[in-house]
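Engineer: What follows is a single structure, and I will ask about it in a moment.
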Amino acid sequence: MANLKLRAILLFYRTFWPFSNALTVGIIWAFFLQLTAYFHLFIVIFLWFKLLSAAGIWYLIRKIYKAQFWFYHNLGLSERVLFGGAFLIDLLIGFLLAFSTYQLLLLL
C-alpha cells in the first residue's frame with residue numbers, strides 16, 4: 001500500500017515538476033559564481049525560496065487541477081499528504097542539484 005501511495009505522489013509531482021525545477025535551476029544559476037563562497041547562506045535562501053514557491057505552486061495547482069484531487073482522494077491521499085510528499089521530493093532534487101553544482105565548482 002505504501003508503494004501505491006508513493007507512486008501516486010510521484011504522479012502528482014509530475015504535474016508541476018518542470019516549473020519547479022526551472023525555478024531551482026534559476027536560483028542556482030543566480031548564485032553560480034558565488035556559490036562556493038556563500039554556500040551556507042545559499043542553503044538558507046534556497047530553502048526559503050522553495051517554501052515560498054511551493055506555496056505559490058500549491059495555490060495554482062488547487063485552482064487549475066481542482067477536479068484531479070478526487071483521484072488522489074479515492075486512493076486515500078489528502079491534499080496535505082500530496083503536497084507534503086511532492087515538496088519533500090522537490091527539496092531532495094533541489095538539494096542534490098545544488099550540492100552537485102557546489103562540488104563541481106570546487107573541482108574547477
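Engineer: Report, in debye and to the nearest 20, how large the dipole of the chain comes out about its Cα centre when Lys and Arg carry +1 and Asp and Glu carry -1 on their Cβ.
Structural biologist: Details: 8 positive and 2 negative charges, 74 e Å.
That gives a dipole near 360 debye.
Engineer: Output the relative contact order of the chain, whole-number percent, from Cα pairs under 8 angstrom with separation of 6+ residues.
Structural biologist: Numbers: 33 pairs, mean separation 54.8, N = 108.
With pairs under 8 Å counted, the relative contact order is 51 percent.
Engineer: I'm spelling it out carefully: the read-out is volume of the Cα convex hull per residue in Å³, the candidates are (1) 96; (2) 173; (3) 120, and one was derived from this structure. Which label?
Structural biologist: For volume of the Cα convex hull per residue in Å³, the calculated option is (1).
Engineer: May I pose another question? Helix-derived [θ] at 222 nm for the chain: sum -39500 (n - 2.57) over DSSP H runs of at least 4, divide by residue count, nearest 500?
Structural biologist: Working: 5 runs with 87 residues, N = 108.
Value at 222 nm, helices only, nearest 500: -27000 deg cm²/dmol.
No value in this document is a laboratory result; all are computed from the given coordinates. Quick caveat: nothing in here was measured; it's all calculated off a predicted structure. Note that each Cβ is placed from the backbone with ideal geometry, even for glycine, and that neighbours are counted across all protein chains shown.
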